[in-house]
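We did not get these values from a lab; they are worked out from the coordinates using the rules stated. Quantities reported herein were computed from a predicted structural model and do not represent experimental measurements. Neighbour counts are summed over all protein chains in view; Cβ atoms, including those assigned to glycine, are modelled from backbone coordinates with ideal geometry.
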Amino acid sequence: MSDIVIISGSPSISSRSERVLHYLGSILEKEHLPVTHISVKDVNAEDLMFGNFNSLDVKRIAKIIENASGVIVGTPVYKAAYSGVLKALFDILPQDILQDKPVLPLMTGGSSSHMLALEYSLKPLLASLKGQNLKGLYFLDEHIDKTAENPIRDEETLIRTKKQLFYFIEKAENKVKIL
C-alpha cells in the first residue's frame, strides 16, 4: 500500500486539469513515490452510463485505489460542479473506496466565480466516499499552459500547489507508517 493514485475526471483529450495532474505526478515521482494515473477515459463509456459495477475496468480501478496510500482527484468545473463522468465513475466504485485515505482535490475553471465548486461539490463527494480531504487546489485556466513542462504559469499558484502537494505527501507517507 504505497502508490499514489491520481484520478482525472476530465473527458477531454486536451485538458488543463489532466495536464496539471500529470505535472503533480512527475513531482511525486521525483520524490520516489510510485504513481498510478487513472482517467475517466480509461473506463468504457457504456459501463459508466449504465452503472456496470461488475465491469473488469471498474474492478481493476477499485483495486488500485484500495491499495493506494493517497489519492489526488482532479476535474474541470462544469456547471458549477465536477464533471458528470467523474461522478459516474465514483457512483460505481465501492462506497468506502477512499476510506481514511488522504485526498487532495483539484479543480480547474475559467473564472474565480467557480472557485467554491471545490468546497460545495467535489469535497463533499470525496467525503461521502470516506476520504480525508485536504485543503484542495483551484486553478484558473489562464494560469495553465497545457504545452509547458510545468503547466502552472502563475508563481503564487505554483508555490501554493507545491505546499499542498508536499503536505499531501506527508499525510500519505504517515498513512503507510501507521499500517
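Considering only DSSP beta bridges with both partners in the chain, what is the antiparallel share in %, to the nearest 5? Walk me through the numbers before you get to the answer.
Working: 2 of 25 bridges.
Percentage antiparallel, nearest 5: 10.
How do Arg16, Arg60 rank when sorted from fewest to most other Cβ atoms within 10 Å of their own Cβ?
Details: Arg16 23, Arg60 13.
Going from least to most buried by this count: Arg60, Arg16.
Quick check on the exposure proxy: order Lys130, Lys163 from fewest to most C-beta atoms within 10 angstrom.
Ranking Lys130, Lys163 by Cβ neighbours within 10 Å, fewest first, gives Lys163, Lys130.
When the Karplus curve 6.51 cos²θ - 1.76 cosθ + 1.60 is applied with θ = phi - 60°, which whole-Hz ³J(HN,Hα) does each residue of region 44-59 get, with x for Gly and Pro?
Values per residue, Gly and Pro as x: 4, 4, 5, 4, 5, 5, 9, x, 7, 4, 8, 4, 4, 4, 5, 5 Hz.
Could you tell me which of the pairs Lys87/Lys175; Lys30/Lys163; Lys123/Lys171; Lys41/Lys87; Lys63/Lys101 are separated by over 19 angstrom between their Cα atoms in the structure shown?
Details: Lys87/Lys175 26 Å; Lys30/Lys163 15 Å; Lys123/Lys171 17 Å; Lys41/Lys87 13 Å; Lys63/Lys101 14 Å.
As for pairs spanning more than 19 Å Cα to Cα, those are Lys87/Lys175.
Describe numerically, in nm with one decimal, the distance between label points set 7 Å from Cα along Cα→Cβ at Asp100 and at Ala127.
Distance between the two pseudo-spin positions: 2.0 nm.
Which order do peptides 103-111, 166-174 fall in by mean Cβ count within 10 Å, highest first?
103-111, 166-174
Which stretch or stretches of region 44-81 have amide N atoms under 20 Å from the point lying 7 Å from Ile27's Cα along the Cα→Cβ direction?
Residues passing the 20 Å test: 69-77.
Suppose every Lys and Arg Cβ carries +1 and every Asp and Glu Cβ carries -1, with no other charges. What dipole size does the chain come out with about its Cα centre, to the nearest 20 debye?
Dipole about the Cα centre, nearest 20: 280 debye.
Along the Cα→Cβ direction, 7 angstrom out, place labels at Glu170 and Leu116. What is the inter-label distance in nm?
Going from the Glu170 label point to the Leu116 one covers 3.0 nm.
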